[in-house]
Amino acid sequence: MARGIKIALPGYNALTDTNPDHFALYVDGTTDHILIKEKLRNSQSVNATGVNVAHGLGYVPLVYVYVQVSAGVWRQIFSRPIDGTGYWYTINSTNLVLNNDTGVAKTFAYYIFYDNIT
């Protein structure tokens, strides 16, 4: 009996379904299935006016956002800053909004995944 871990997407039965596309995680002990469900990745300069990135998913997806704080040095950021840095983002069911209050344009990198976090 093969051992593994299977986490099915909504509407699928993890005990009976065998299609790896119907799972968020599918490890069956016989074949490696790496499921990275990434919708969009990009990097761009953000100034004081901010940048609006439409994702069009209709729900709040998982995102990772980073800002280049100096040459070759990246920092992961989260919603509103509590440390006074001035870099943050907001995410809703239609858009990722990148914000920069520092007065100096900075490069932001972002990854938007299909995972619904609401």
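Throughout, read-outs are computed from the coordinates displayed, never taken from laboratory work. Computed from a predicted structure; not experimentally measured. Please note: Cβ atoms are built from the backbone with ideal geometry, for glycine as well, and neighbour counts cover all protein chains shown.
When only the Cβ of Lys, Arg, Asp and Glu is charged (+1, +1, -1, -1), the dipole of the chain relative to its Cα centre reaches about 220 debye. Taking the alpha carbon gyration tensor of the chain, multiplying each eigenvalue by 5 and rooting it gives semi-axes of 36, 15, 11 Å, largest first. Projected label points at Ile117 and Leu25, each 7 Å from Cα along the beta carbon direction, are separated by 1.7 nanometres.
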